[in-house]
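Here is the structure we will look at.
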Amino acid sequence: MSATSSPVTVTVTGAAGQIGYALLFRIASGQLLGPDTPVRLRLLEIPQAVKAAEGTAMELDDCAFPLLAGIDITDDATAAFDGANVALLVGARPRTKGMERGDLLEANGGIFAPQGRAINAGAADDIRVLVVGNPANTNALIAQAAAPDVPAERFTAMTRLDHNRAVAQLAKKLSVPVGEITKLTIWGNHSATQYPDLYHAEVGGKIAAEQVDESWLRDDFIPTVAKRGAAIIEARGASSAASAANAAIDHVFDWVNGTPEGDWTSAAIPSDGSYGVAEGIISSFPVTSRNGAWEIVQGLEINEFSRTRIDASVAELVEERDAVQKLGLL
Ligand code: NAD
Ligand code: LMR
């Protein structure tokens, strides 16, 4: 999917939502795939939000983006994913009052299983899927299970926002530019159990964990990163949108174009059992991208503290998997 003159089809679900609004203009301007790649946008919405998506499309037209080759809007998943090269699954069922975790997983099963089937039926051979809608890791697993003809590793979930949050918090603490921080890892679930790991992260080439107090790392940094989504909701009265869209752009850009030499990033990808993470669940790892495919960074030593934290987040993912399995979604 490198520089090409034929447009790449990018399907975005939940296009009329707040992340959609922050995302679509950046995709159309070339920030998702690079400055040489024209894009055709396919916007999938529920029927009652199609009109709002049409309004966003009018604004996209009004930007006269040179790389934007066309926009289709639909409430039909089969049409939305037909020929798609990149799918950003943003639309999801939010948790509402009185809803239990199981209800949320079931409601999202009703969205991500049909979308997985539509991807299986009609997406392009090089389809890459990023799930943003929460619970993102398990929604990605549901979509993947419904798409048995698509290679499993093409289904990923977003922990890049957590990664970027962790980089920013550490940079602030040490008063260094974010560009000096490398090799940070988010492990596990995109939830409060996630584990942002500073034991391999480097600041100016030195291990980050050795440059901060252990108490700051454990009692301040980790909860601040893990609960940042809730803090944003509390402050804005709405969940993160522009930063989530930015992270989605970062994830897909790196997946397609590769990660920089000597560094890695974080993405939730299907586990091959590395680092004792249950095989098959979609869990966040330290990853590099080469030739358009994510690879888990191997050989990192995991200390006892990290082991406990990784195991706790993986246990939550296994619970979510078991719950959707019981619902017949896997
Ligand atoms: P939003 O409510 O503003 O927008 C969601 C949109 O999805 C709505 O327009 C809705 O009509 C649409 N939608 C619902 N069901 C759909 C379906 N079946 N097909 C197509 N569209 C559908 O929400 P938002 O703020 O844009 O957030 C979207 C999701 O992203 C939420 O689940 C949120 O929790 C999640 N999120 C994830 C991360 C992350 O880091 N992984 C970060 C922020 C938000
Ligand atoms: C975030 O991390 O900002 C979101 O996942 C929070 C949320 O619950 O929507």
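Here, each number is a calculation from the coordinates, and none is a lab measurement. Nothing here was measured: the structure is a model prediction, and the numbers come from that model. Counting neighbours? That spans all protein chains shown, and the Cβs are built from the backbone with ideal geometry, glycine included.
At-a-glance table
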read-out	value
For the range 86-99, 3J(HN,Hα) per residue [Karplus equation, 6.51 cos²θ - 1.76 cosθ + 1.60, θ = phi - 60°, Hz, x = Gly/Pro]	10, 10, 10, 8, 9, x, 8, 8, x, 6, 10, 3, x, 7
Distance cut-off 26 Å, percentage of C-alpha pairs in the range 117-268 lying past it	30 percent
Hz values of 3J(HN,Hα) by residue in the range 301-317 - Karplus curve (6.51, -1.76, 1.60), Gly and Pro given as x	7, 10, 7, 4, 4, 4, 4, 4, 5, 5, 4, 5, 6, 5, 4, 5, 5
Magnitude of the charge dipole, the chain, Cβ model with Lys/Arg +1 and Asp/Glu -1, debye to 20	520 debye
Separation in nanometres of the label points that stand 7 Å from Cα toward Cβ, at Lys51 and Asp103	2.9 nm
Dimensionless Rg/Rh of the range 187-256 - Kirkwood Rh, Rg from C-alpha atoms	1.03
Estimated FRET transfer efficiency (Asn303, Lys227; beta-carbon r; R0 25 Å; 0.05)	0.60
Within the range 239-330: Cβ-based charge dipole about Cα centre, in debye rounded to nearest 20 (Lys, Arg +1; Asp, Glu -1)	180 debye
Separation of alpha-carbon centers, the range 33-63 and the range 151-225, rounded to whole Å	33 Å
Percentage, to the nearest whole number, of Cα pairs in the chain over 34 Å apart	20 percent
Reference-scaled alpha-carbon Rg (2.2 N^0.38 Å with N residues) for the range 241-322	1.17
Partner lysines for Lys183 [C-alpha distance under 19 Å; skip if fewer than 8 residues away on the same chain]	Lys172, Lys173, Lys206
Cα convex hull of the range 34-172, projected area averaged across orientations, nm²	10.8 nm²
10 Å Cβ shell holding at most 16 others, DSSP loop, trypsin sites (Lys or Arg not before Pro): longest site-free stretch of the chain	98-226
Taking N as its residue count, the alpha carbon Rg of the range 1-73 over 2.2 N^0.38 Å	1.03
